[in-house]
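Structure first, commentary second.
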Amino acid sequence: MNTAHVNGVRLAYETIGSGEPLLLIHGSNLATGLSPLAAALAREAPRMRLVRYHRRGMGGSAAVDSPPSVEQDAIDALGLLDSLGLPSAHVLGYSYGGVVALEAALMAPNRIRSLILLEPILLEVPSATGFLAGMAPVMSRYAEGDMAGAVSATFEALGGNRWRHLVATAGPDALEMAVRDTALFYRAELPALNTWRFDATRATVMHSPVLSVIGSDSGQFFVEGRQLLHERFPYCVDADIPKVNHLLNLQAPQRIANEVASFLAAHVSALPVRDGRTVR
């Protein structure tokens, strides 16, 4: 991967293709988690310039002394665009990265050509208490210092007995990387999520197209999150991915790429849509 120096930290990133820029922001503890989706998007939307990076302290990006926050991660995302000479971009965020994408859009709406959100973690919805309670076994392992156990419990709950195979699709070192990076999520990112709010007034400044992607098996918490997106962004459109849950980025990257490519085609003049499909 390449390296960019952004806001005093070294960020690892890669670019694929050329054309309209699409920035991909990964989730909590798997910095390579969007690599299967990036590969699928490269096939489905070949006229896009995909930019996939590791957030500060994660994967191949430099560790930092001070804990990251949603706001700092959003500033980094915008700073990476600056370092690449990109005044604006389409932005895709998954899970925690979806919240980072939202914050970047609220900070700099004129820089967001469109916003694609794969199950952002929005803790102000009614079922958030139950969602967090479901994380108690994982939190217990984290508190005991058992990072490998916390990672295994998370992925097994989402991916069943095939979870190791699914994680391996993100790269040969993906599991090792997740174990190494998971402490950052529980130590800093989860508390940051607890204090971040999807402010209704700030949301009025964002007028770019928005796509909400959720898995059919992801549960009420993410359904309510989508409802909140529609409240804040009345022009939000939906894409439902069947038979997957919150690990949808690894379970169905091709299906997601199809939906994203069609959505982007509707908002990129070089990629027209015919009968709901991208025309090459």
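Some observations on this one:
- Complete set of residues in segment 1-24 that are closer than 18 Å to Ala265 by Cα and crowded, with 19+ Cβ neighbours inside 10 Å: Glu20, Pro21, Leu22, Leu23, Leu24
- The C-beta contact set for segment 84-109 (first residue in a helix (DSSP H, G or I), second residue of a type in the set (Phe, Trp, Tyr), distance under 8 angstrom, 6+ apart or interchain) comprises Tyr96/Phe185; Val99/Trp196; Leu102/Phe198; Glu103/Trp196.
- Within segment 45-77, the residues that satisfy the criterion of being within 20 Å of Gly17 (Cα to Cα), more than 15 Å from the chain's Cα centre (by Cα) and either of a type in the set (A, V, I, L, M, F, W, C) or buried (at least 24 other Cβ atoms within 10 Å of the Cβ) (or both) are Ala45, Met48.
- Odd one out for Gln220 among (1) within 17 Å of the chain's Cα centre (by Cα); (2) closer than 18 Å to Phe198 by Cβ; (3) in contact (Cβ under 8 Å) with a residue 40 or more places away in the chain: (1)
- Residue list for segment 54-73, restricted to those being within 20 Å of Thr3 (Cβ to Cβ) and assigned to a helix (DSSP H, G or I): Gln72, Asp73
- Selected residue (criterion: surrounded by the most Cβ atoms within 10 Å (Cβ to Cβ)) from residues of segment 232-261 that are part of a loop (DSSP other than H, G, I, E, B) and out of contact with any helix residue (DSSP H, G or I) (no Cβ under 7 Å at 6 or more places or on another chain): Ala252
- Leu184 vs. criteria touching a Gly at 6+ places or on another chain (Cβ under 9 Å), within 22 Å of Ala153 (Cα to Cα), modelled with pLDDT of 95 or more and not β-branched (Val, Ile, Thr): no
- Elements of type helices (runs of 4 or more DSSP H) contained in segment 137-231, each with 1 or more residues being touching a Lys or Arg at 6+ places or on another chain (Cβ under 7 Å) and under 24 Å from Ile116 (Cα atoms): 200-203
The values are calculated or read from the model by the stated rules, or taken from the named source; none is laboratory data. None of the values given here were measured: they were computed from a predicted structure. Ideal geometry is used to build each Cβ from the backbone, glycine not excepted, and the neighbour counts take in all protein chains shown.
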